[in-house]
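To start, the structure under review is shown below, and the notes come after it.
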Ligand SMILES: *Cc1c(COP(=O)(O)O)cnc(C)c1O
């Protein structure tokens, strides 16, 4: 049954993903079910997206209610959910204004455009250079693949956006040597996600913040993956006690409903004028209702505390696995954004065997297995995941 659907999918859908041979049909809490009724514990959550898991009652009800009222209305008019979500985001962050879009890559594009406009106005037309980090990931549109410091995402698509340079991650001195009077923005992930769950060092981000302040360079944090509670804080920059000028958000913001957001501090946000940037679907009332529900759960119903608590528990369990398994080289991450670095054996082999045993996991970078379950995950589900992983690890070597 699954196979027939997959064959049809392969016939009609462009071949941009090497998907696992599973057709997912429904979900409940932190579990998903395929068409044949097999159950999987989900430590992928649509790649750090399904913040509240599946079939969350309040999420379903809020979206149903909004669907009956108005589902789309364009930014030519105002709508209550859009305004409410913007207010919630601003009041709980270091930023003053929001631009809504539909995905991570769009939030990065919006941030790049805003920082160029700011540089252009404040420091002249030549001020358009952007520095991003090697091994980063920022999305798949042209600006974002250019910002992404990994050639494998760029090959075959040139020429890329001019004026983008790449600095090695966690190396402030090299970054500083690349900055000049035409540098308008520095883009960094507080925790590199796709690059392999690599957290930035505190001193490094502190130094970048200071440099940007001195030279009026816009500091952009891409928190598409690390933002919205994933690390146990609403935003990963809070872990570092450093506030960027612009933040890019998407993935977990809508709990599985597509939405992205780019936020900025006032002096930068204010350089956008009507006509400078836009999105037909951006700020869609249904998507914003999803965002409001996620933020309310995080902030007012204990989900953020759950991430902190279960994140520590998951880390502890992974560290104790590392004690027992010689080829686990490292355990990294914050909250429910954790990774284990694997030596000598292939992560995809391990992931495939876990799937067979009913646990969904996803890789990150070349040799890391990533753990990004719903933010509502419980201790016994972490126990179950680590037990399955432990069994598989004892089999592979
Ligand atoms: C996933 C991701 C993106 C791209 O998001 P899309 O919604 O796939 O466009 C950008 N930046 C980071 C850090 C991401 O993890």
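The helices (runs of 4 or more DSSP H) falling completely within region 70-169 that include 2 or more residues that are within 16 Å of the ligand (Cβ to nearest atom) map to 104-123, 142-147. So, residue 339, is that one assigned to a strand (DSSP E or B), crowded, with 18+ Cβ neighbours inside 10 Å and in contact (Cβ under 8 Å) with a residue 60 or more places away in the chain or not? So residue 339 fits the description; yes. Per the listing 323, 266, 238, the residue uniquely assigned by TED's automatic domain parsing to the domain that holds residue 212, surrounded by fewer than 19 Cβ atoms within 10 Å (Cβ to Cβ) and either within 15 Å of the ligand (Cβ to nearest atom) or free of Cβ contacts under 8 Å to residues at least 24 places away in the same chain (or both) is 238. Against the criterion of being in the same structural domain as residue 246 (by TED's automatic domain parsing), modelled with pLDDT of 95 or more and out of contact with any helix residue (DSSP H, G or I) (no Cβ under 6 Å at 6 or more places or on another chain), residue 168 does not qualify. Got at least one residue in region 346-353 being more than 30 Å from residue 79 (Cβ to Cβ) and outside any helix (DSSP H, G or I)? Yes.
Residue check: residue 283 meets all listed conditions (1) more than 18 Å from the chain's Cα centre (by Cα); (2) in a loop (DSSP other than H, G, I, E, B); (3) more than 28 Å from residue 70 (Cβ to Cβ) but one, namely (3).
Within region 199-235, the set of residues being in contact with a strand residue (DSSP E or B) (Cβ under 9 Å, 6 or more places away or on another chain) and free of Cβ contacts under 8 Å to residues at least 24 places away in the same chain comprises 213 only.
Residue-wise test of (1) crowded, with 22+ Cβ neighbours inside 10 Å; (2) at pLDDT below 95; (3) within 16 Å of the ligand (Cβ to nearest atom); (4) closer than 14 Å to residue 240 by Cα.
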site	(1), (2), (3), (4)
180	no, no, no, no
187	yes, no, yes, no
190	yes, no, yes, yes
193	yes, no, yes, no
209	no, no, no, yes
218	yes, no, no, no
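How many residues does region 354-368 hold that are part of a strand (DSSP E or B) and touching a helix residue (DSSP H, G or I) at 6+ places or on another chain (Cβ under 6 Å)?
Total meeting the criteria: 2.
The values are calculated or read from the model by the stated rules, or taken from the named source; none is laboratory data. Because the structure is predicted, anything quoted here is derived from the model rather than measured. Cβ coordinates were reconstructed from backbone atoms using ideal geometry, including for glycine residues, and neighbour counts include every protein chain displayed.
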